[in-house]
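Asks: Structure below; questions to follow.
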Ligand code: TZP
Ligand code: MG
């Protein structure tokens with residue numbers, strides 16, 4: 001596996017639904033979030049057809065490159081290849097990790113959603129760069145989640161992969177916002193393996209001021225909690 005420096009601290013995952021994005025332009029919202037300091041962006045869009053996915057991803061890639069932040073595509077290895085962005089995020093029901101790696105190559109960033117220790121161990125064995133661990137808390141942004149694992153479940157997964165996944169980075173996802181992020185990072189991390197960041201959808205995309213929301217979240221993620 002090639003060595004990749006990626007900052008996972010504040011990972012923005014997009015949403016194109018009316019409920020989260022409203023009538024705003026996704027590219028403008030992402031640009032504001034980048035100005036606020038998000039360190040990684042995943043284009044997640046369950047609504048658009050392939051042509052729109054590719055054209056939006058190209059626009060997003062132009063702005064993420066300007067901010068020197070990697071862009072990953074949710075689910076669609078073909079779209080990532082078409083756009084030439086930095087990688088993908090795949091779930092348990094998407095193209096399998098070895099196939100995605102074969103198509104994208106060693107330099108691509110590939111992340112996998114995991115909600116159990118078994119899934120996490122398999123993803124580590126198969127060469128994931130990072131794991132998206134969740135769902136942390138119930139969230140209206142994703143209602144078809146298999147498991148709500150909370151900070152205790154996340155900690156158990158982290159402890160379980162500490163050895164074999166020593167080089168695999170980790171973020172948590174699901175219902176995380178400015179009032180919970182520090183506690184979530186602190187309570188989930190095991191002494192043997194810490195979370196590298198938090199992945200957030202509505203806390204940034206639905207915020208009235210996405211730039212300010214990102215700035216505040218980044219500050220919280222980077223500051224040790226007062227109760228630590
Ligand atoms: N995977 C697990 S929960 C989730 C995804 C994509 C959505 C998280 O959204 P939010 O708005 O940050 O709770
Ligand atoms: Mg998926």
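Asks: For segment 13-30, check the following and say yes or no: at least one residue is within 10 Å of the chain's Cα centre (by Cα) and within 24 Å of residue 220 (Cα to Cα).
Replies: yes
Asks: Residues to consider are 141, 145; find the one that is at pLDDT below 95, within 17 Å of the chain's Cα centre (by Cα) and surrounded by 20 or more Cβ atoms within 10 Å (Cβ to Cβ).
Replies: Numbers: 145 fails: surrounded by 20 or more Cβ atoms within 10 Å (Cβ to Cβ).
On inspection, the qualifying residue turns out to be 141.
Asks: Out of all the residues in segment 204-217, which are crowded, with 24+ Cβ neighbours inside 10 Å and under 15 Å from residue 140 (Cα atoms)?
Replies: Selection gives 204, 205.
Asks: Tally the residues that are within 21 Å of residue 187 (Cβ to Cβ) and either surrounded by fewer than 19 Cβ atoms within 10 Å (Cβ to Cβ) or in contact with a helix residue (DSSP H, G or I) (Cβ under 8 Å, 6 or more places away or on another chain) (or both), restricting the search to segment 120-138.
Replies: Counting residues in segment 120-138 that are within 21 Å of residue 187 (Cβ to Cβ) and either surrounded by fewer than 19 Cβ atoms within 10 Å (Cβ to Cβ) or in contact with a helix residue (DSSP H, G or I) (Cβ under 8 Å, 6 or more places away or on another chain) (or both) gives 7.
Asks: Go through (1) away from ligand 2 (no atom under 16 Å from the Cβ); (2) closer than 19 Å to residue 91 by Cα; (3) in contact with a helix residue (DSSP H, G or I) (Cβ under 7 Å, 6 or more places away or on another chain); (4) modelled with pLDDT under 95 for residue 164 and report which single condition fails.
Replies: (2)
Asks: Please determine whether any residue of segment 56-66 is under 23 Å from residue 193 (Cβ atoms) and either at pLDDT below 95 or away from ligand 2 (no atom under 15 Å from the Cβ) (or both).
Replies: No, because not a single residue in segment 56-66 is under 23 Å from residue 193 (Cβ atoms) and either at pLDDT below 95 or away from ligand 2 (no atom under 15 Å from the Cβ) (or both).
The values are calculated or read from the model by the stated rules, or taken from the named source; none is laboratory data. This structure is a prediction, so every number in the text was calculated from the model and none was measured. Cβ: placed from backbone, ideal geometry, glycine included. Neighbour counts: every protein chain shown.
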